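Q: Below you'll find the structure I mean.
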Amino acid sequence: MDLMLSEPYQALQAEIRDFIRHHGDKSPKVGGGRKRPDQKTLDWQKRLVEHGYAGRTIPKEYGGFGATPDVMAAAVIAGEFARANVYAGLTNQGISMLVPTLLEVGTEEQKRQYVGPTIRGDIIWCQGYSEPGNGSDLANAQTKAELRDGYWIVNGQKIWTSSAHYADMMFLLCRTEPDKSKHDGLSYLLLSMKSPGLEARPLKTMTGRSEFNEVFFTDVKVPETQIVLGRGKGWYVANVTLKHERLMIGDASKMTARLEQLISLLQTSEIDGVKLIGISEYRDRLLRLQGEVLAWKAHNLRLLTEAAQGIDSGVKRMIIKYGGTMLGFRLSSLAVDALGAAGLPYESLGEDAEDDDATTWNIDYMYDVGLMIGGGSTNIQKNIIGERGLDLPREPKVQGRA
Amino acid sequence: MDFGLTLEQRQFDDSLRAFLTDHLPMERLRALAEPGIGYDETLWRNLTELGLHGLLVPERFGGAGLGVLDAALAAEALGHAAAPVPFVGSIVMATLGFMNSATEAQQDEYLPQIAAGECRFAVALPSFAGQTGSASVQWAGSRLSGRVTGVADAGAATHFLVYLADGHAAVVAADAPGVSTRMHRSIDRTRPVVDVTFDGALAERLDAANAPLVAARRVLDTGRIMLAADTLGAAQRMLDAAVAFAKERVQFGRVIGSFQGLKYTLAECVTALEPCRAMVWYAAYAQDALPDEARLTACHAKAHLGDVGRDVARLTTEVHGGMGFTDLLGLHYWFKRISFNRQMLGGPERCREEAADVQGWKLHA
Ligand SMILES: Cc1cc2nc3c(=O)[nH]c(=O)nc-3n(C[C@H](O)[C@H](O)[C@H](O)COP(=O)(O)OP(=O)(O)OC[C@H]3O[C@@H](n4cnc5c(N)ncnc54)[C@H](O)[C@@H]3O)c2cc1C
């Protein structure tokens, strides 16, 4: 155990502080997201990549900074940006899920073509997994792709596809081997959202905004080489992606930032002239959450260290999505309670404007429920923790179904 | 940076756990729990071979000179075994008390004895420990008077390290004139609680700390982390037992672990408990290396483990069905261990109260 900053990290810290001093004024506002990055954000992101504060460990030949994985460096960077309340870079499905997947199983060509533009924010991706009839039972996906004259011809429908209405590309899970078993019949394709025959229809969510979509495929042509890892390997690739998605969703630095916002909310909101932080019932809820966030942060440090050492963290990693979304929801719940009646006015301005604080908290509060469902629901996470993490026997199969 | 254990730490942990598995089979634990004094001469002696007693004692006084994290690992292993060993008071808190508040000469007198397992201190803390019961001790003319209830690790104490309300500490032999003790077997038969009364007992002050209250709080906080670590070990033991049971017990023609409801119960336990391990490590490390975070993380670790421990203890007992409620299975030793740890040195409510104080979050402000 050594959390002390040794000399090279102190130097890195000084360098980041210097960077923030010189360029911090160009940072977009922290928070928000779930919309296409604007020019200011893109410029900022490029600057971060150049300096190695984003895409740090991605090899140079793929457009990254090419540093060796180093947990401490990552922690120092995250810490400095959080401390200065400066935007620490884009997180989206392309950067957090597809890029690590391609680095793990993509071809040389795919890495060269997609990794760089994705980490710079120039290519936005969406994830085409769920279908109306196949959500939790993802391996049962029925959208099909047939190989004809060097092209995959895709037909079918995806649903709840986040960001599809502004994405450039999709990573798609589809059935290419109808004769094979459920899990062995899937492939993973990369395709342009501008492909003829592809239509994304925005689907309004409970927040009142259109954050996800229905996507229809009618004879959509995708070049044969746009497959990742090979025919029938889609289930494997999809799971590589999901592993990264679940870690992204349960991310501890988000919890820490939220806790800080929550503390200042309780320090400023008041009832009858008393600050909420001075009322024991509110303060106690805050303290409990602070304890949990501290545990979560420490757990995250442990996982990062294990990842850097190439250790498979097993059940310690599998709990992240379930535990993280529960904690996130309880944090936003306290925020909504602290806002109380004064926080009830709700007008979401959509994608092009900043919402007020109360609306933002309420959107987070609702979106947190969405996060419990998306990326494999809470129940599915518990199945995974129980069956793969604790090695408990599986549910007996229902007779007569694949 | 490296957030994890060193090879030496893992080896120490392995050997301590192996030792405890060998020396504390269920029948032995039962036998030792009956008198409830929380101490066994043979076990105590044998543990000196592993160097447990001198863990925190500096090398020049015959110890290993290790840190609070090492001690937390030992506490976790002892909790896992429900071992009747007065580790927290006699080994950890007493050693730190001397290191923080005693003169070199006093350290030279007592620390080698602690390291050799020759004397067993119990630490009596005044009201700032945040326990219910009474705690009031006065110092006048080298003599102690007053009473402290609910002292831990004192079932076989040879000495008391008594803290005064201002943070000063004093040493007094348990058999000195004017010292009387009353032991209660506690709900946790592996550790008793003791009430100690001082009636003008002659004592020796430890006056070397520049800021006595700060030094005293550090001893308290480290004790809290040890209790949190003990709960972690005990809760992990209960969870492991429940998972194993769930893979064996058959009902409705299926092993019960294949029922989704039961699977979810266990998934919830592991989701709550696993981050606690990192939390305890972090808090323990902070005591030695991150002074700004030391108090806050200690209070939170004690509070959080108290809550998670209670949930895991209940749920894993339920998983065992009627068997879980029997004396026969012995699972209750760990349930009670966790219950004991929760109340000692300040319960979750009190520890969170202190966490609020540390951050300047005042009530009705
Ligand atoms: C905010 C949000 C964003 C999303 N973004 C995307 C995206 O970008 N791309 C994409 O492909 N999909 C996306 N999804 C879809 C998401 O992955 C699915 O909604 C999710 O996997 C659940 O599938 P379902 O909706 O069909 O629910 P169902 O599978 O029908 O589940 C309904 C309920 O039954 C429970 N259940 C189902 N099976 C089991 C079981 N075996 N054991 C116990 N309980 C079970 C579930 O836990 C749930 O509570 C998103 C969803 C949300 C809410």
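Q: Within the group A:91, A:41, A:68, A:57, which residue is over 26 Å from residue B:3 (Cβ atoms) and either in contact with a Leu (Cβ under 6 Å, 6 or more places away or on another chain) or not charged (D, E, K, R) (or both)?
A: A:41
Q: From the list A:368, A:355, A:337, pick out the single residue that is surrounded by 15 or more Cβ atoms within 10 Å (Cβ to Cβ) and within 11 Å of the ligand (Cβ to nearest atom).
A: Step by step, each of A:368, A:355, A:337 is checked, and only A:368 is surrounded by 15 or more Cβ atoms within 10 Å (Cβ to Cβ) and within 11 Å of the ligand (Cβ to nearest atom).
Q: Also, I was wondering about something else. With crowded, with 24+ Cβ neighbours inside 10 Å and touching a residue at least 40 places away in the same chain (Cβ under 8 Å) as the only criterion, which of B:199, B:195, B:230, B:207 stands out?
A: Among B:199, B:195, B:230, B:207, only B:230 is crowded, with 24+ Cβ neighbours inside 10 Å and touching a residue at least 40 places away in the same chain (Cβ under 8 Å).
Q: Of the numbered conditions (1) within 13 Å of another protein chain (Cβ to nearest Cβ); (2) free of Cβ contacts under 8 Å to residues at least 60 places away in the same chain, residue B:329 satisfies every one except a single condition; which is it?
A: (1)
Q: What's the total number of residues in region A:66-76 that are away from chain B (no Cβ under 12 Å) and either of a type in the set (Gly, Ala, Ser) or crowded, with 20+ Cβ neighbours inside 10 Å (or both)?
A: Qualifying residue count, region A:66-76: 2.
Q: Right, something else. Could you run through region B:252-296 and say how many residues are more than 7 Å from every other protein chain (Cβ to nearest Cβ) and in a helix (DSSP H, G or I)?
A: Number satisfying all stated conditions: 21.
Q: Now a separate question. For region A:150-164, enumerate the residues that are farther than 10 Å from residue A:125 by Cα and touching a helix residue (DSSP H, G or I) at 6+ places or on another chain (Cβ under 9 Å).
A: Result: A:150, A:151, A:152, A:160.
Q: Take residue A:286 and decide whether it is at the interface with chain B (Cβ under 7 Å from one of its Cβ atoms) and either crowded, with 20+ Cβ neighbours inside 10 Å or on the phi > 0 side of the Ramachandran plot (or both).
A: Against the criterion (at the interface with chain B (Cβ under 7 Å from one of its Cβ atoms) and either crowded, with 20+ Cβ neighbours inside 10 Å or on the phi > 0 side of the Ramachandran plot (or both)), residue A:286 does not qualify.
Q: Another one. Name, by its number, the condition in (1) more than 16 Å from the ligand (Cβ to nearest atom); (2) crowded, with 23+ Cβ neighbours inside 10 Å that does not hold for residue A:117.
A: Here residue A:117 clears every test but (2).
Q: Say whether the condition of being in contact with a strand residue (DSSP E or B) (Cβ under 8 Å, 6 or more places away or on another chain), open to solvent by 20 Å² or more (accessible area, probe 1.4 Å) and part of a helix (DSSP H, G or I) is met by at least one residue in region A:255-270.
A: Looking for residues that are in contact with a strand residue (DSSP E or B) (Cβ under 8 Å, 6 or more places away or on another chain), open to solvent by 20 Å² or more (accessible area, probe 1.4 Å) and part of a helix (DSSP H, G or I), one finds at least one in region A:255-270, hence yes.
Q: Residues to consider are A:307, A:298; find the one that is open to solvent by 50 Å² or more (accessible area, probe 1.4 Å), in the same structural domain as residue A:350 (by TED's automatic domain parsing) and small (Gly, Ala, Ser). Before the answer, list the steps.
A: Values: A:298 fails: open to solvent by 50 Å² or more (accessible area, probe 1.4 Å).
Only one candidate passes the filter, namely A:307.
Q: Considering only region B:94-151, state which residues are part of a helix (DSSP H, G or I) and within 21 Å of residue B:188 (Cβ to Cβ). Lay out the reasoning, then the answer.
A: Step one: list which residues in region B:94-151 are part of a helix (DSSP H, G or I), which gives B:94-101, B:104-115, B:127-129.
Residues satisfying the conditions are B:94, B:129.
Q: Starting from residues that are more than 16 Å from the ligand (Cβ to nearest atom) and among the aliphatic types (A, V, I, L, M), keep the ones in region A:209-227 and report whichever is surrounded by the most Cβ atoms within 10 Å (Cβ to Cβ).
A: Checked region A:209-227; the qualifying residue surrounded by the most Cβ atoms within 10 Å (Cβ to Cβ) is A:220.
Q: Open to solvent by less than 10 Å² (accessible area, probe 1.4 Å) and closer than 24 Å to residue B:33 by Cβ: which single residue out of B:309, B:346, B:321 fits that description?
A: On the way: B:346 fails: closer than 24 Å to residue B:33 by Cβ; B:321 fails: open to solvent by less than 10 Å² (accessible area, probe 1.4 Å).
Result of the check over B:309, B:346, B:321: B:309.
Q: Of the residues A:155, A:85, which is in contact (Cβ under 8 Å) with a residue 40 or more places away in the chain and touching a Phe, Trp or Tyr at 6+ places or on another chain (Cβ under 9 Å)? Don't jump to the end; show me each part of the working.
A: Values: A:85 fails: touching a Phe, Trp or Tyr at 6+ places or on another chain (Cβ under 9 Å).
From the options A:155, A:85, the qualifying one is A:155.
Q: Only one of these conditions is not met by residue A:396: (1) assigned to a loop (DSSP other than H, G, I, E, B); (2) in contact with a strand residue (DSSP E or B) (Cβ under 8 Å, 6 or more places away or on another chain); (3) more than 16 Å from the ligand (Cβ to nearest atom). Which number is it?
A: Among (1) assigned to a loop (DSSP other than H, G, I, E, B); (2) in contact with a strand residue (DSSP E or B) (Cβ under 8 Å, 6 or more places away or on another chain); (3) more than 16 Å from the ligand (Cβ to nearest atom), residue A:396 violates only (3).
Q: I've got another one for you. Does residue A:134 fit the bill of being open to solvent by 10 Å² or more (accessible area, probe 1.4 Å) and either more than 9 Å from the ligand (Cβ to nearest atom) or among the β-branched types (Val, Ile, Thr) (or both)?
A: It is false that residue A:134 is open to solvent by 10 Å² or more (accessible area, probe 1.4 Å) and either more than 9 Å from the ligand (Cβ to nearest atom) or among the β-branched types (Val, Ile, Thr) (or both).
Q: Identify, from the list A:237, A:293, the residue that is within 14 Å of another protein chain (Cβ to nearest Cβ), part of a helix (DSSP H, G or I), among the aliphatic types (A, V, I, L, M) and open to solvent by less than 10 Å² (accessible area, probe 1.4 Å).
A: A:293
The values are calculated or read from the model by the stated rules, or taken from the named source; none is laboratory data. Given the structure is predicted, the values throughout are model-derived calculations rather than measurements. No Cβ is skipped: glycine too gets one built from the backbone with ideal geometry, and neighbour counts run over all protein chains shown. Just the protein is used for accessible areas: all its heavy atoms, side chains included, with ligands, DNA and RNA removed. Shrake-Rupley method; radii C 1.70, N 1.55, O 1.52, S 1.80 Å.
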